[in-house]
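Everything on this sheet refers to the single structure shown next.
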Amino acid sequence: MATPLTDQEKRKQISIRGIVGVENVAELKKGFNRHLHFTLVKDRNVTTPRDYYFALAHTVRDHLVGRWIRTQQFYYEADPKRVYYLSLEFYMGRALQNTMINLGLQNACDEAIYQLGLDMEDLEEMEEDAGLGNGGLGRLAACFLDSMATLGLAAYGYGIRYEYGIFNQKIKDGWQVEEADDWLRYGNPWEKARPEFMLPVHFYGRVEEEDGKEPKWVDTQVVLAMPYDTPIPGYMNNTVNTMRLWSARAPNDFNLRDFNVGDYIQAVLDRNLAENISRVLYPNDNFFEGKELRLKQEYFVVAATLQDVIRRFKTSKRNCSGPLSFDSFPDKVAIQLNDTHPAMAIPELMRIFVDIEKLDWDTAWNITKQTFAYTNHTVLPEALERWPVELMEKLLPRHLQIIYRINQIHLDHIASLFPDDMDRICRMSLIEEEGGKRVNMAHLCIVGSHKVNGVAEIHSDIIKRDVFRDFSELELEKFQNKTNGITPRRWLLLCNPGLADLIAEAIGEEYVKDLNQLQKLNDLVDYDAFIRDVAKVKQDNKLKFAQYLEKVYKVDINPASMFDVHVKRIHEYKRQLLNCLHVITMYNRIKRSPIKPFVPRTVIIGGKAAPGYHMAKMIIKLITSVADVVNNDPVIGRKLKVIYLENYRVSLAEKVIPATDLSEQISTAGTEASGTGNMKFMLNGALTIGTMDGANVEMAEEAGEENLFIFGMRVEDVAKMDKEGYDALQYYESLPELKQAINQIKSGYFSPKQPEMFSDIINMLFHHDRFKVFADYESYVKCQERVSALYKDQREWTRVVIKNIAASGKFSSDRTIKEYATEIWGVEPTDLKIPPPSEPREALEETARALRKN
């Protein structure tokens, strides 16, 4: 049985945040002052807090550089198979603290900054989030990069360096207002521009076809792709991988070569048109917007990346020394498509192989299929990408031809297997004919990849059984599951140091790289001192967050109340409305019996709505309107507070998640592919109220269903209701508390100046609610009563918390990436530590030999 370590054992431990050596601290202070002087050109009389942040960032970056160069030298020597993770989104958040932790520098930096008379937290707050993502898909990519580096994989993230990331959300008068996220305004100390690797990307033009000759794509417009590299440090293993993001640049002769009769000024101004490609992230989550600029972005990242991949393949140690053959390409290159957004990589690689490298079609197609794998992230029909043929023909005429040829061969094969099944042939085509010709990008990905995966067991089952059933019937072995995960470095060590240290004291620090070791905490579930310690860490985190809320929102928070948190993108399927109805129900119960005991709650809801998503913006307005009434009603007092968390983002998640008691994961069963916020809350000692959807199912499996608050319809119940019809009115009439809440919204109780304000929401809930909010209301409210009952017994609540933390090991992105590596990419994670820059080159070559041997 594990017992907490003694004080002596604790002192012997190397802290999970690194050693504080005197020389270490002195060196950091020296570096800090040097950068203040030479990089920022400031003295301490005129420095701003931002200058101090930049000085520290550059100092920490200095410690990355040697390892970064070393890692790339090591990959050249060892020549392992490279993994390329292609994504239109990388939601990285801040880099400073994560870098300090992964390099083992945090304690030394803390001490250095303290000795310099500065406050580390103030400096960290100066950093802008790199908000190059919308939500789950982009943040997953960021967690994966951390895990790939930590597992010693030769991996690269490739994406777009958006000048403007996800918008900043302001709540004005209860409505969402968007502001541009000018995150690069003060510069980005973590990136390095690489103009020497700038590459051309072609658009438009036409295809020239001469008899007997290969088609040629001619008369194109060229845009240059400028790479910016960001270091990705692994945890304490000297590996520093690269995320390469492309920025669009106009060529110098842009618009000037077109026998342009001298409007030189206009030609230079028009360079913006080309450079707009990397200007802004599309702010949609789970929604397809078929705009030309978006297709340009998708092809831009793909075309630049594949040129880079092929250049690296051709200049590898092995290919430099012998004749070049592309037969070994799939043995040296694995490309993972993060959803269908980079799907144009499939026809683009075919174009390079056939048109430029002169491979025959069958050889090229074989190599292409073995190289690509595709991750599906959603089953919502409105999210699936279907590009109009007309648009593709205009923008990428050669690629459309290639897609047609891929489709012809594919359909000939289907027809040979099912000669009389025209319906099946239509369903499986890459080209949809109904309502205008469109290219179905998911079908392209499935046909052009050797593996396809969903992101949680239930989601992968739905894909095989439902969405891509025809394809899975044909090639079942192609379909896999890879349940999502989160990096414990950011989502425990960085955001919750109190809990991370407590766990390290109890079971040692190996869990940081092997999260399954958290199971050892099960031995301490009845240990009173440990229960008290876990509860104290949570209470400290709540106090800290309450102070933050009081400072920012000027509301009086009761830190003894249950922090009930629902943070994620605002979407009908995520059912923030269900939560809102529960809030109104609690409000009405307190009003009805003001002296009846009530377990106090602070309900915190946050998240961004896509700017064009009317219903999501109405939902925000409803929540803020309900909050206004609840928070200003003297009868309610401190029993119930509702807070709308403005501008939810990675750095705010790091504050709210460790302070949460109850995590809301309440999507309609069968709609949330996985979810990863659910995992972050579980790891940080919150209990989950949720439906059997996404990864909630596996969380319940790991921790025991009795240790989560599971409610509502299962996937089968939803399917049955879809078949039989969902009658919202029946629930409204038979549930008095639901009826009261809906009547209040309808009558203007929460919008007295505009009683009709929420008519669109009411209309949707009664007449076209695809996500069946009323159907789960009763079950949800009853489940919330169980939550309150358990919360009253703090000892028992904390015991269940410990069981949840102990069961969260499966949800490390390290486990997810190990599965991708061995089951899809054909690479092996390694514990080999790259020799640090201080060791001679021979040590590097020796380690490279060891890796090759493995």
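The values are calculated or read from the model by the stated rules, or taken from the named source; none is laboratory data. If you're wondering where the values come from, they're calculated on a predicted model, not measured in any experiment. Note that we place each Cβ from the backbone using ideal geometry, even for glycine, and neighbour counts take in every protein chain shown. SASA here: full protein model, heavy atoms, side chains in, ligands and nucleic acids out. Shrake-Rupley method; radii C 1.70, N 1.55, O 1.52, S 1.80 Å.
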* To do: Among 843, 300, 685, flag the residue with its Cα farthest along the positive direction of the charge dipole of the chain, charges on Cβ as +1 for Lys/Arg and -1 for Asp/Glu.
  => 685
* What's the Kirkwood radius of the range 229-273 in Å, using all Cα pairs? -> 13.7 Å
* About the Cα centre, charge dipole magnitude for the chain (Lys/Arg +1, Asp/Glu -1 at Cβ), debye -> 1760 debye
* Additional length obtainable on full extension of the chain from residue 116 to residue 786, 0.36 nm per residue less Cα span -> 236.1 nm
* Asked: Evaluated at 37 °C with a viscosity of 0.692 mPa s, what Stokes-Einstein diffusion coefficient in µm²/s does the range 693-760 have when Rh comes from the Kirkwood expression over alpha-carbon pairs?
  -> 216 µm²/s
* To do: Treat every Asp and Glu Cβ in the range 738-854 as -1 and every Lys and Arg Cβ as +1, leave all other atoms uncharged, and give the resulting dipole magnitude about the Cα centre to the nearest 20 debye.
  => 420 debye
* Starting from the amide H of residue 160, placed 1.01 Å from N in the peptide plane, find each other amide H under 5 Å away whose residue is 5 or more places distant or on another chain. => 246
* Computed lengthening from residue 766 to residue 125, 0.36 nm per intervening residue step minus Cα-Cα distance -> 226.3 nm
* To do: Output the antiparallel fraction of DSSP beta bridges having both residues in the chain, as a percent to the nearest 5.
  => 40 percent
* Volume in Å³ per residue [convex hull over Cα atoms, computed for the range 677-822] -> 164 Å³
* Would you mind classifying the range 260-348 by shape? Square roots of the alpha carbon gyration tensor eigenvalues, ordered a ≥ b ≥ c; an a/c under 1.5 is rounded, otherwise it is prolate if a/b is larger than b/c and oblate if not. => oblate
* FRET efficiency estimate (nearest 0.05) - Cβ-Cβ, residue 202 to residue 573, R0 41 angstrom -> 0.60
* Structure fact -> Heavy-atom accessible area with a 1.4 angstrom probe orders 545, 287, 197, most exposed first, as 287, 197, 545
* Structure fact -> Rounded to the angstrom and largest first, Cα extents along the principal axes for the range 131-252 equal 61, 48, 28
* Kindly state, to the nearest 0.05, the FRET efficiency for residue 469 paired with residue 705, given R0 = 35 Å and r defined as their beta-carbon distance. => 0.75
* Can you give the extra length, in nm with one decimal, that the chain gains between residue 390 and residue 593 once fully stretched, where that is 0.36 nm per residue apart less the Cα-Cα distance? -> 66.7 nm
* **Dimensions (Å) - the range 76-121, Cα atoms, principal axes, largest first** => 46, 30, 11
* **the range 354-462: C-alpha gyration tensor shape, a/c 1.5 cut-off, then a/b vs b/c** => rounded
* Centre separation in Å (Cα based) which lies between the range 718-746 and the range 97-140 -> 47 Å
* Structure fact -> Taking a straight Cα-to-Cα line shorter than 17 Å from residue 536, and setting aside same-chain aspartates and glutamates fewer than 8 residues away, one finds 501, 505, 526, 528, 661, 793, 796
* **Most positive-pole-ward Cα, 21, 374, 347, against dipole of the chain from beta carbon charges** => 21
* Structure fact -> Taking the reciprocal of mean 1/r across every pair of different Cα atoms in the chain, the Kirkwood radius in Å is 28.8 Å
* Asked: Which of 680/746; 641/818; 81/520; 30/314; 478/810 have a Cα-Cα distance over 32 Å?
  -> 680/746; 641/818; 81/520; 30/314
* Asked: Which one of 411, 804, 794 is farthest out on the positive end of the charge dipole of the chain, using unit charges on Cβ (Lys, Arg +1; Asp, Glu -1) and the Cα centre as origin?
  -> 794
* Please report, in cubic angstrom per residue, the volume enclosed by the convex hull of the alpha-carbon atoms of the range 521-587. => 155 Å³
* Kindly state, to the nearest 0.05, the FRET efficiency for residue 417 paired with residue 62, given R0 = 45 Å and r defined as their beta-carbon distance. => 0.15
* Between the range 311-374 and the range 758-794, what is the C-alpha centre distance in whole Å? -> 50 Å
* What is the projected area of the convex hull of the Cα atoms of the range 446-585, averaged over all directions, in nm²? -> 13.5 nm²
* Asked: Quick one: putting +1 on the C-beta of Lys and Arg, -1 on the C-beta of Asp and Glu, what dipole do you get for the range 53-158 around its Cα centre, in Debye to the nearest 20?
  -> 720 debye
* Structure fact -> Percent of all alpha-carbon pairs of the range 322-362 at distances over 12 Å, whole number, is 68 percent
* To do: Please work out the Kirkwood hydrodynamic radius for the range 485-539, using every pair of different C-alpha atoms, and report it in angstroms with one decimal place.
  => 11.6 Å
* Mind checking which lysines have their C-alpha under 22 Å from residue 394, skipping anything on the same chain fewer than 8 residues away? -> 216, 291, 296, 437
